[in-house]
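The values are calculated or read from the model by the stated rules, or taken from the named source; none is laboratory data. This is a predicted model, so every value here is computed, not measured. Counting neighbours? That spans all protein chains shown, and the Cβs are built from the backbone with ideal geometry, glycine included. Accessible surface areas use protein heavy atoms only, side chains included; no ligands, DNA or RNA. Shrake-Rupley method; radii C 1.70, N 1.55, O 1.52, S 1.80 Å.
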Amino acid sequence: MLHRFGLFELNEAARSLTLRGVAQKMQPRVFDLLVYLVRNAGRVVPKDELMDALWPNLTVTEASLQRAVSLARAALAAGGLEQAIRSFVRHGYRFAIDEPGVAVAVPSFDASEANRARALELAREKDWHAAAMVFERLDAEGQLCAADVEVWALAVECQGRPAAAIPVLTRALAAHVAEGKPNLAARVAVTIAKLEFERSAPAAASGWMARAEALLGDTDDPRTSAYLLWMKARQIIFAGNAAEALELALKSHRAAMGCGDSGLIALTLVYMGFYNISLGHMQEGVSQQNHAAAIALSSNVDPVLGSLVYCNILWSCRTYPDWSRARQWSEGFDSWCAASYAVVPGTCDLHRAEILGAKSDLNGALVAIDQALPKLFEEESWSIGDGYRVRGDVHAMIGDLDSARKDYAAAYAAGWDAEPGNAILLAETGKVDMALAALDSALGGASWYHIQRRGFLLAHKARIAAMSGHRDIAAKAMDELTAQSARWTQPAVHALMNETRYLLASGAEAMPFLILARQLWASAGLEYHAARVRLELARVLAEGGNDAAAQVEIAAAERIATRIGSKRLLKLAAALQPPRLTAVGK
């Protein structure tokens, strides 16, 4: 029999293993082990069964079997398939020809090996456009098996066309069913559900999830079970039930660990962290997310799984908000996306836009968000409202307040909230009651998005209430933040809290709070807000007769404003130059 997997051909009659037509050296017993595992592909073969088959009528230890497995993996490593032989502690080994992706084995079939090998090689090189073209040609010739169609769908999605991947995946599902592998068809159904969910089609996503469960049935397939449970948790968290989502994530992670798939392990772990953060278990959640990112970086995960890991981390960083951690991950993520995708997904551009705006480049942030919005309309329309919110914040920091208000209105029209940016602009125009009402509405939200942002929203509510003389409202918000201090550890929240303390204090007691707020904003890397506080500090210093110190703060704020491109800060700085001293934030 001939078996083809990846770029290998295993010929039982000739007792040969070839890689791209080149014979590979292999000991006879190791060859027999590989043949036995390939014949039983998809099944965990018990150790005793393997030893009986390889050493009949001989008594050998497990060490002999382990050595044979190690040598077989070494031979497969030349073609990138060292992970094809999976270990199951206390059970045995499985040859994973059912693993989808561009670096693992696929079933044998009658296609032209040269053309198919070329398509897979292009996919490994991440030349997604060329790979998709070759797969399309092979498909027209009737030369694709189900696993190949899956790689084709991956190539389409990595061109920035996830919606176009759905019909290809539907073909892969049908092909898996025809090949007698409903568990693999179930896995494809979960992927389709994921894409439909991200296109804001929850009904379609639920239908595909039901199809996946029906196809999987009672089959013992930890990999598919892990993937299915992961997607169920994603559906549940959107309804705001973080506790149930975490419970499902724990189950999915255990299943992923059981099958040893590093990509799934990273994916399920990063979402466990996401749900823990939503529940206020900050230290545990952040640790899980960081661990997941390290696994993804050190493993050969496909771009879609990898982007889910990193996007999840950056979503958490942005909503929490933890800008210091976001900066640490964003640069590596930008490079990873550029190397992995033909067209960077809209969510990646969205993350980049907000991080650029928070860091140092407001005009660059506008470019990134304008790139993101058209993609979000097509790919992940559920987040289009957040796209408008981000653009509104950037416009506000630049000083284009009319555009900011239009973007905030568009965010609300898309079913999102635009806080705290919208509330800040309302308060600055004297509409304090409307500002506090908008924040209260957002604080009443039950989704993961609102739960993760609660500390940041409360801190803004406290500051706006203190600025407008609503001391009781400010104190109540501060009490909640202080009572849950272990949950809200990010510098941005503590900077806002110290601004509130400054506004509520009087005389000499107030100044230290403002200086600490400036330091916290700077430590978070949020230059716009650090400069904003510098200008308030300059106003207070000038009113106290310390013009020299005030000029130092104004000059520093002007340098920041020029560097990041904030006309608004420059205008505020100009208004503070003698003899015109006007209040900035108090």
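A few remarks follow.
- The chain - charge dipole about Cα centre, Lys and Arg +1 at Cβ, Asp and Glu -1, debye rounded to 20: 840 debye
- On the principal axes of its alpha-carbon atoms, the range 387-530 has extents of 44, 32, 29 Å, going from largest to smallest.
- Computed from point charges on the beta carbon alone (+1 for Lys and Arg, -1 for Asp and Glu), the dipole magnitude for the range 414-506 about its Cα centre is near 180 Debye.
- Each residue, Arg563 and Ala548, gets one label point 7 Å from its Cα in the Cβ direction; the gap between the two is 2.5 nm.
- Nearest 10 degrees, 0 to 90: helix 28-39 Cα axis against the chain principal axis: 70 degrees
- Among 420-427, 210-217, 46-53, the peptide with the highest mean count of other Cβ atoms within 10 Å heads the list, and the full ranking is 420-427, 210-217, 46-53.
- For the chain, the carbon plus sulfur part of the accessible surface works out to 54%, probe radius 1.4 Å.
- Selected from Leu246, Leu514, Ser383, residue furthest toward positive end of dipole (the chain; charges at beta carbon): Leu514
- Computed from the Cβ-Cβ distance with R0 of 45 Å, the FRET efficiency linking Asp433 to Asp334 stands at 0.60.
- Relative to the longest principal axis of the Cα atoms of the chain, the long axis of helix 454-467 lies at roughly 10 degrees.
- Cα centroids of the range 523-543 and the range 217-279: 44 Å apart.
- A Förster distance of 35 Å, applied to the separation of the beta-carbon atoms of Ala483 and Ser298, puts the FRET efficiency at 0.30.
- Available extension along the chain between Asn115 and Asp402 is 97.7 nm, counting 0.36 nm per residue and deducting the alpha carbon span.
- Computed [θ] at 222 nm, deg cm²/dmol, the chain (DSSP H ≥ 4; -39,500 (n - 2.57); rounded to nearest 500): -22500 deg cm²/dmol
- Between Ala575 and Asp440, the simple label model (points 7 Å from Cα in the Cβ direction) yields a spacing of 2.8 nm.
- With each label modelled as a point 7 angstrom along the Cα→C-beta vector, the Gln24-Ala53 pair spans 1.7 nm.
- Which labelled figure in [x] 90, 74, 55; [y] 97, 48, 43; [z] 97, 53, 45 is Cα extents along the principal axes in Å, once derived from the coordinates: [y]
- Averaging Cα coordinates gives a centre for the range 136-150 and one for the range 438-487; these two points are 55 Å apart.
- Between Glu125 and Glu509, the FRET efficiency from the beta-carbon distance, with R0 = 60 Å, is close to 0.40.
- Selection from Leu356, Trp448, Ala155 lying farthest towards where the dipole of the chain points positive, charges on Cβ: Leu356
- Linear extension gain, Leu250 paired with Arg67, 0.36 nm per residue minus alpha-carbon span: 62.5 nm
- Assigned charges on the beta-carbon of Lys, Arg, Asp, Glu; the range 1-83 dipole about Cα centre (debye): 260 debye
- Computed lengthening from Ala164 to Arg327, 0.36 nm per intervening residue step minus Cα-Cα distance: 55.4 nm
- The range 475-583: GluC sites (Glu not before Pro) in DSSP loop, at most 13 other beta carbons within 10 Å: none
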